[in-house]
Amino acid sequence: MCGHAVISLGRYAVDHGFVKPKAPETTVNIQCPCGIVRAHVEYQNGKTGSTRFHSVPAFAFATDVEVTVPGHGKILVDIGYGGAFYAYVSAKVLGLDVTSSKARELGAVGLAVSKAVEEQVKLTHPDDDELAFLCGTIFTDGNDVYSTEAAVQVCTFAVAGVDRSPCGSGVTGRIAIQHHKGQIQLNQTRVFKNGKTGSKFTGKAVSRTKCGNFDGVIVEVSGHGYYTGTATFTMEEDDILKHGFLIK
């Protein structure tokens, strides 16, 4: 699940008439690989605004897991699920900073941590084996005990990719871990900020739940999705590849 995509798709669905708008909020049900996610899109005076969604059951899969990262030695990571599995580690442990370190360096080290976790930790999901894979590594500021100060993080994924948002599923998983550790209580709203772009989501655990044998929470994440452009695709009749192609 991509939380930022849920936020953006929810707004798009209302703006383009896929769901009949209703003030003050319009609910959009989005089928994700992890299950149904319900987005609630602000709608006032004919315009959409922020979107909040309620996650699928989120949980701390494992905490303080020791992995060996080439070039960095042994470190401890937490692994959380919030629609996708992420490894969480304070950037300081690896000599990095979520704000001042270069994105390229965060991406490269994040890839090394992700590979180490994939090789050394067996992930399982109670509901679906196809969900049992690591999506990436999230570097945190280590500021996990609830406060009014924003928690800062950077999500790394794929081949050294760096997210431009705080990462909706990543925020969800981090809150699940914080709640598991007693660092945040139900309905304590906190701001989560991307250390490189400054973009922000808010999040809170709204209820307790179970996912298999895991104690979990339902997390509400709120944010904005913005339009940046429109793409037009053209198909010409004499194009022999007009229906697409697949090269293996």
Each label sits 7 Å from Cα toward the beta-carbon; between residue 207 and residue 29 the label points are separated, in nm, by 1.5 nm
How much of the accessible area of the stretch 127-217, probe 1.4 Å, is carbon plus sulfur, in whole percent?
47 percent
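Report, in deg cm²/dmol and to the nearest 500, the calculated mean residue ellipticity at 222 nm for the chain, where each DSSP H run with n ≥ 4 adds -39500 (n - 2.57) and the sum is divided by the residue count. The partial results should precede the final answer.
On the way: 3 runs with 44 residues, N = 248.
So the helix-based figure for the chain works out to -6000 deg cm²/dmol.
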Could you work out, for the stretch 8-92, what percent of all Cα-Cα pairs fall into each 5 Å distance bin, beginning at 0 Å and stopping at the bin that holds the largest distance?
3, 13, 18, 14, 10, 10, 9, 9, 7, 5, 2, 0
Using amide H atoms built in the peptide plane, which far-off residues or other-chain residues are under 5 Å from residue 216 H to H?
209, 210, 211
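What does the extension gain come out to for residue 148 and residue 22, with contour length at 0.36 nm per residue minus their alpha carbon separation?
Working: separation 126, 0.36 × 126 = 45.36 nm, distance 3.21 nm.
The residue 148-residue 22 span can extend by a further 42.1 nm.
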If you wrap a convex hull around the alpha carbons of the chain, what volume per residue comes out, as a whole number of Å³?
161 Å³
With all protein chains in place and a 1.4 Å probe, residue 97 shows an accessible area in Å² (nearest 10) of 60 Å²
Mind checking Rg over Rh on the stretch 155-204, alpha carbons, Kirkwood formula for Rh?
1.01
Note to self: Kirkwood Rh of the stretch 82-167, Cα pairs, one decimal, Å, is 13.5 Å
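Would you work out what percent of the accessible area of the stretch 32-88, with all protein chains in place, is carbon or sulfur (probe 1.4 Å)?
47 percent
Normalised by the residues of the stretch 3-107, what does the relative contact order come to in percent, with Cα pairs under 8 Å and at least six apart?
Working: 162 pairs, mean separation 17.2, N = 105.
Computed value for the stretch 3-107: 16 percent relative contact order.
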Interchain or sequence-distant (5+) residues whose placed amide H lies within less than 5 Å of the amide H of residue 72 are none
Karplus couplings for the stretch 180-189 from phi (6.51 cos²θ - 1.76 cosθ + 1.60, θ = phi - 60°), rounded to Hz, Gly and Pro as x?
4, 8, x, 8, 8, 9, 4, 6, 8, 7
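Counting only other residues whose beta carbon sits under 11 Å from that of residue 151, what net charge do I get with K and R as +1, D and E as -1? Write out the running numbers ahead of the final one.
Values: positive: 174, 190, 193, 200; negative: 141, 144, 149.
Net charge around residue 151: +1.
The values are calculated or read from the model by the stated rules, or taken from the named source; none is laboratory data. Everything quoted here is computed from the prediction, not taken from an experiment. Don't worry about glycine lacking a Cβ; one is built from the backbone with ideal geometry, like all the others, and counts go over all protein chains shown. We work out accessible area using only protein heavy atoms, side chains counted, and drop any ligands, DNA or RNA first. Shrake-Rupley method; radii C 1.70, N 1.55, O 1.52, S 1.80 Å.
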